[in-house]
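Encoded as structure tokens, the structure appears first; notes follow it.
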Amino acid sequence: MRSDPLEFDASAPAPHPSPDELLVAVRACGVCRTDLHVSEGDLAVHREHVIPGHEVVGEVIAVGAEAGTGFAVGDRVGIAWLRHTCGECDYCRRGAENLCPNSRYTGWDADGGYADFATVPAAFAHHLPAGYSDSELAPLLCAGIIGYRSLLRADLPPGGRLGLYGFGGSAHITAQVALAQGAEVHVMTRGAEARELALGLGVASAQGAADQPPVKLDAAILFAPVGDLVLPAMEALDRGGTLAIAGIHLTDIPPLNYQRHLFQERQVRSVTSNTRADAREFLAFAERHHIEVTTPQYPLDQADRALTDLVEGRIAGAAVLLP
């Protein structure tokens, strides 16, 4: 069982948006592993008793006086993890707002979507692609966006061989993006149901979490928050290959052996949040290439059960809460 379960408060009032914000009635909210890290204390507390949830699909019900003209009452809107950057630091000015020291996040610094209502600065709200239900859209807003940035960080060559370590919400979306781009995808994950899902999506192979794939990899992405898996992933890389670590939290990495893990210009990269440009590019890709999103659904008042099922590996795909 989880060490720090959520407290459900059905009487919580609707939030009051600031002048630059939208007030949104939540229609669906994805369950992300980052929500788990926030609720369990793996990530430093930014706000006491914060409401988790940063994969929010909803309907705009109020527009602040300073929110601009990008959204109107009745619009379907997406709320993602990144909700503020300063726009003035060196990182923001060079297009790396994901590294902004003054960045703030939905469900960590501000209340998120495990609720009936949420707010979002209009400048950080997202227009959503057509052709998806609310439940299908929700995981795209973090699992999809972060997977897309991880794929960029992994530097996969055209037609290359990609390894995915862990096959939850983000990986099952990223696999489809890579396949649509012509990659050969190999999956390493602990769950038999997850391996079955991967093979059903068209990956070339699926095996245990620490197993070696049948071919050397040009690139790999580590989605599981398990530092021990860095070593087999690095060993699986071909010469010049790159491992991107997708999560915001990772257990300690064991010592690397230079010859076995790094020599021949193999490298490891972290992934830190995303930029709004990443989000726009991915959501546009999702409109051009329909992604099959597997979404086990839970009522909002069973959010803690959804997080427990995530911990226990009982979720194939990306779980979604429905108010």
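The values are calculated or read from the model by the stated rules, or taken from the named source; none is laboratory data. Here the structure is a predicted model, which means the values were calculated and not measured. Heads up, the Cβs are rebuilt from the backbone with ideal geometry, glycines too, and the neighbour counts pull from every protein chain shown. Only protein heavy atoms, including side chains, enter the accessible area calculation; ligands, DNA and RNA are left aside. Shrake-Rupley method; radii C 1.70, N 1.55, O 1.52, S 1.80 Å.
Worth pointing out:
- Over segment 81-161, the Kirkwood radius and the radius of gyration, each from Cα atoms, give a ratio Rg/Rh of 1.02.
- For the chain, accessible area per residue (1.4 Å probe, heavy atoms of protein chains only), Å²: 44 Å²
- With the convex hull drawn over the C-alpha atoms of the chain, the volume per residue is 130 Å³.
- Relative intensity, log₁₀ I(q)/I(0), of segment 1-88 from a Debye sum that treats every alpha carbon as a point, q = 0.15, 0.17, 0.19 Å⁻¹: -0.71, -0.88, -1.06
- Summing Cβ point charges (Lys, Arg +1; Asp, Glu -1) relative to the Cα centre of segment 195-246 gives a dipole of roughly 80 debye.
- Remark: spin-label model distance E66-D42 equals 3.7 nm, labels positioned 7 Å along the Cα→Cβ axis.
- Over segment 186-247, volume per residue of the alpha carbon convex hull, in Å³: 77 Å³
- Peptide packing: for 152-163, 256-267, the average count of neighbouring Cβ atoms within 10 Å per residue gives the ranking 152-163, 256-267, highest mean first.
- Were the residues from R269 through R288 laid out at 0.36 nm apart, the gain over their Cα-Cα distance would be 4.0 nm.
- Percent carbon-and-sulfur accessible area, segment 16-152, ignoring ligands, DNA and RNA, probe 1.4 Å: 47 percent
- Stretching the chain fully between L152 and L199 yields a gain of 14.6 nm (0.36 nm per residue, less the alpha carbon separation).
- Estimated inter-spin distance, A210 and S133, nm [label 7 Å along Cα→Cβ]: 3.9 nm
- Shape box of segment 117-159 [Cα atoms, principal axes, largest first, Å]: 41, 24, 14
- When the Cα positions of I173, H54, G107 are compared along the charge dipole of the chain, I173 comes out farthest toward the positive end, with charges on each C-beta of Lys, Arg, Asp and Glu.
- Using a cutoff of 8 angstrom between alpha carbon atoms and counting only pairs six or more residues apart, the relative contact order for the chain works out to 20 percent.
- Only the Cβ atoms of Lys and Arg (+1) and of Asp and Glu (-1) were treated as charged; on that basis the dipole of the chain about its Cα centre amounts to roughly 1000 debye.
- Here L99 and A12 are evaluated by their C-beta separation; at R0 = 22 Å the FRET efficiency comes out at 0.10.
- Multiplying the residue separation of R280 and A25 by 0.36 nm and removing their Cα-Cα distance gives an extension gain of 89.6 nm.
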